[in-house]
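The values are calculated or read from the model by the stated rules, or taken from the named source; none is laboratory data. Just so it is clear, the model here is predicted, and its values are computed rather than measured. Cβ sites come from the backbone with ideal geometry, for glycine too, and all protein chains shown count toward neighbours.
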Amino acid sequence: MITTERTAVPSKGSRRQLGRYLGAAYLFVFVGSAVSGALWPPLSDGITPDKLAEVGNDPTLLRWSAVIELFITSVGIVVLGSLLYIILRKQNQMLSLFALGWWVAEAITLAMSTIGAFLLVPVSQAYVEAGTSESGGLLAMADTLVRFDRLTWEMHMVFFAVGGLLWYFLMYQGRVVPRWLAATGFGVVSLGFLSTLALFISDADLFYLGFPTGAFEVLLGIWLITKGLDRIPSEWAPS
């Protein structure tokens, strides 16, 4: 007699619990990024003398922005990518590992971007203390640090976009969430990717194309927390 065995099917409760973890990770990363950006808004055109003096007199917001970016957003990206890998690796292990690698690179690049912010604090304080005697050189140094921060931040968006496109493709293929939701994720990440490419290629700042990505991550996070995963790709696979 021929028999076939099937892997143990995760219960609905297990899928919901894993979905809650994933949804919480999405919201954790979004909140970290939003708070960090609110504390220290991007200075795409460089830094002005007034802004440098403001930082030198009170660097608290800049320090907190860099700390949150480093220890909450960057770490959260690695946790989020690891959870997605756990869920989707049986769908396609190679693509899942590839996507995880891109998001680990994203986290590392984002962490590197905080170097400019951390170094800007002593430079700004020296600028305030120096007055006009050495202000020109310190302002140029500060501008270099800000541009380094912006360049590495934009580079991290490239890693995010490539990894995100792979994750949402796997979600769509594996029906982990409703297909319309996965397709929406693929679409908004593509828009954000276009804005990053436009900045690198033509210096056109189409930052507004990235807004739908943040809104979608909030939607997906809430959906996963309340609904859980529809299924796990390995649950119906024959052993």
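Condition check ((1) touching a Cys at 6+ places or on another chain (Cβ under 9 Å); (2) of a type in the set (G, A, S); (3) more than 20 Å from V35 (Cβ to Cβ)) across all residues:
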{"position": "G56", "(1), (2), (3)": "no, yes, yes"}
{"position": "I68", "(1), (2), (3)": "no, no, no"}
{"position": "I72", "(1), (2), (3)": "no, no, no"}
{"position": "V75", "(1), (2), (3)": "no, no, no"}
{"position": "L80", "(1), (2), (3)": "no, no, no"}
{"position": "L88", "(1), (2), (3)": "no, no, yes"}
{"position": "S96", "(1), (2), (3)": "no, yes, yes"}
{"position": "V104", "(1), (2), (3)": "no, no, yes"}
{"position": "A107", "(1), (2), (3)": "no, yes, no"}
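Report every pair of residues separated by at least 6 positions or lying on different chains whose Cβ atoms are under 6 Å apart, first residue within segment 183-201 and more than 13 Å from L220 (Cβ to Cβ) and among the hydroxyl-bearing types (S, T, Y), second at pLDDT below 90 and not in a helix (DSSP H, G or I).
S195/L206
If L191 meets every condition in (1) buried (at least 22 other Cβ atoms within 10 Å of the Cβ); (2) farther than 23 Å from R20 by Cβ; (3) not charged (D, E, K, R) apart from one, which number is that one?
Result: L191 fails condition (1) only.
Look through F160, F169 and report the one residue that is out of contact with any helix residue (DSSP H, G or I) (no Cβ under 6 Å at 6 or more places or on another chain) and either surrounded by fewer than 20 Cβ atoms within 10 Å (Cβ to Cβ) or within 30 Å of L181 (Cβ to Cβ) (or both).
Step by step, each of F160, F169 is checked, and only F169 is out of contact with any helix residue (DSSP H, G or I) (no Cβ under 6 Å at 6 or more places or on another chain) and either surrounded by fewer than 20 Cβ atoms within 10 Å (Cβ to Cβ) or within 30 Å of L181 (Cβ to Cβ) (or both).
Go through segment 61-85 and report how many residues are touching a residue at least 40 places away in the same chain (Cβ under 8 Å) and more than 30 Å from K51 (Cβ to Cβ).
Count: 5.
Which of the residues spanning segment 174-209 are assigned to a loop (DSSP other than H, G, I, E, B), among the aliphatic types (A, V, I, L, M) and closer than 23 Å to G81 by Cα? So that I can check it myself, show each step before the final result.
Just the residues of segment 174-209 that are assigned to a loop (DSSP other than H, G, I, E, B), to begin with: 175-178, 203-206.
The next check asks that each one be among the aliphatic types (A, V, I, L, M); those that pass are 176-177, 204, 206.
Of everything in segment 174-209, those that are assigned to a loop (DSSP other than H, G, I, E, B), among the aliphatic types (A, V, I, L, M) and closer than 23 Å to G81 by Cα turn out to be V176, V177.
Answer yes or no: is there a residue in segment 163-173 that is touching a residue at least 40 places away in the same chain (Cβ under 8 Å), assigned to a helix (DSSP H, G or I) and touching an Asp or Glu at 6+ places or on another chain (Cβ under 8 Å).
yes
Test S96 against the criterion of being under 22 Å from the mean Cα position of the chain (by Cα) and touching a residue at least 24 places away in the same chain (Cβ under 8 Å), and give yes or no.
Numbers: under 22 Å from the mean Cα position of the chain (by Cα): yes; touching a residue at least 24 places away in the same chain (Cβ under 8 Å): yes.
So S96 fits the description; yes.
Collect the residues in segment 28-65 that are of a type in the set (S, T, Y), in contact with an Asp or Glu (Cβ under 8 Å, 6 or more places away or on another chain) and either surrounded by 18 or more Cβ atoms within 10 Å (Cβ to Cβ) or farther than 29 Å from A215 by Cβ (or both), keeping them in residue-number order. Break it down into steps so the answer makes sense when it comes.
At the first step, the residues of segment 28-65 found to be of a type in the set (S, T, Y) are 33, 36, 44, 48, 60, 65.
Now restrict to residues that are in contact with an Asp or Glu (Cβ under 8 Å, 6 or more places away or on another chain): 33, 36, 44.
Passing the criteria: S33, S36.
From the list L84, L80, L97, L70, pick out the single residue that is surrounded by fewer than 19 Cβ atoms within 10 Å (Cβ to Cβ) and in a helix (DSSP H, G or I).
Details: L84 fails: surrounded by fewer than 19 Cβ atoms within 10 Å (Cβ to Cβ); L80 fails: surrounded by fewer than 19 Cβ atoms within 10 Å (Cβ to Cβ); L70 fails: surrounded by fewer than 19 Cβ atoms within 10 Å (Cβ to Cβ).
Checking each option against the conditions leaves just L97.
What do you reckon, is V121 closer than 19 Å to E54 by Cβ, surrounded by fewer than 20 Cβ atoms within 10 Å (Cβ to Cβ), touching a Pro at 6+ places or on another chain (Cβ under 8 Å) and β-branched (V, I, T)?
Here the answer is yes, as V121 does meet what is asked.
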